[in-house]
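Got a structure for you, questions after.
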Amino acid sequence: MTPTDLQGAAEVTGMITMPLEPDSPDPDPLSSEQWQTGGGSHLDLVIDRHIWPDDVIDAVRPSLVRATDIACEIFDWPRLEVGALLGGDGRIRDLNLRFRGKDAPTNVLSFPSGDDGVMMEATDGGSGAMDTARLAPGEIAIAWETVRREAARESKSIHDHLTHLWVHGLLHLMGHDHETDDEADCMEAGEIRVLERLGIANPYARPADEPAGETA
């Protein structure tokens with residue numbers, strides 16, 4: 001298992017069953033939701049809504065849905081069935097420690113399934129005919145408190161930063177990586193293309209007041 005890092009983001013190779021234990025003390029704070037995209041992809045989310053504010057989820061949902069469709073169009077991917085956990089720092093820290101040996105929260109973790117097969121769905125009332133195929137590339141986990149801290153530190157909106165992390169996670173699930181400079185350049189360019197279509201500025205651009213010798 002060889003994870004990778006980019007400003008805190010990481011990929012963990014290998015399919016997992018996403019743990020659903022909540023960070024908040026309420027016995028059942030989790031919301032299971034399926035968001036369908038206009039292009040036919042499904043986003044299967046488990047959200048700790050006692051941690052994630054409703055207004056943040058409501059505001060970012062259209063962008064995550066559109067970003068998925070745009071990425072499928074740009075990279076010529078099939079329809080996707082993506083699992084996601086929107087949890088808190090505690091849960092993501094547990095995952096980071098369990099799968100990467102790092103005892104700290106991070107912004108996003110990607111868990112590629114490594115499965116080239118497709119999920120088939122019957123849409124004809126149960127006769128057995130199948131007309132919708134979707135690839136299940138894996139799962140993404142995102143930590144609310146870390147996203148909020150990073151957005152404030154980098155003077156970005158939570159909406160834009162969260163959308164970027166989602167796109168970054170999707171590219172990891174679909175085989176992109178940043179182990180080398182060339183891989184990182186290619187992955188960043190792909191993220192920028194998707195975000196540009198959403199009207200989101202290049203997240204890797206150096207602030208005007210940052211000295212040329214400094215990096216994020």
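The values are calculated or read from the model by the stated rules, or taken from the named source; none is laboratory data. Note that the structure is predicted; figures quoted are calculated from it, not measured. Cβ placement follows ideal geometry from the backbone for every residue including glycine, while neighbour counts extend to all protein chains displayed.
Just give me the residues in the stretch 88-105 being touching a residue at least 40 places away in the same chain (Cβ under 8 Å) and acidic (D, E), in sequence order.
D89, D94
While we're here: Any chance the stretch 16-25 includes a residue that's at pLDDT 95 or above and part of a loop (DSSP other than H, G, I, E, B)?
Step one: list which residues in the stretch 16-25 are at pLDDT 95 or above, which gives none.
Within the stretch 16-25, none of the residues are at pLDDT 95 or above and part of a loop (DSSP other than H, G, I, E, B).
Condition first: part of a strand (DSSP E or B) and within 20 Å of L171 (Cα to Cα). Can you find one or more residues in the stretch 85-92 that meet it?
yes
While we're on this one: Could you list, in sequence order, all residues of the stretch 89-109 that are more than 19 Å from W52 (Cβ to Cβ) and touching a Leu at 6+ places or on another chain (Cβ under 7 Å)? Outline the logic, then answer.
The initial filter retains those residues of the stretch 89-109 that are more than 19 Å from W52 (Cβ to Cβ), namely 97-104.
D103, the sole residue that qualifies.
Where the second residue is among the basic types (K, R) and outside any loop (DSSP other than H, G, I, E, B) and the first is closer than 19 Å to A201 by Cα and touching a residue at least 24 places away in the same chain (Cβ under 8 Å) and lies in the stretch 64-82, which pairs have Cβ atoms under 9 Å and are six or more apart or on separate chains?
Close Cβ pairs satisfying both conditions: R66/R197; A67/R197; I70/R193; I70/R197; A71/R193; I74/R193; I74/R197.
Just to be sure before I move on: is E81 at pLDDT 95 or above, part of a helix (DSSP H, G or I) and under 18 Å from L173 (Cβ atoms) in the structure I sent?
On the way: at pLDDT 95 or above: yes; part of a helix (DSSP H, G or I): no; under 18 Å from L173 (Cβ atoms): yes.
It is false that E81 is at pLDDT 95 or above, part of a helix (DSSP H, G or I) and under 18 Å from L173 (Cβ atoms).
Could you go through the stretch 96-107 and let me know if any residue there is at pLDDT 95 or above, out of contact with any Cys (no Cβ under 7 Å at 6 or more places or on another chain), of a type in the set (S, T, Y) and closer than 23 Å to L198 by Cα.
no
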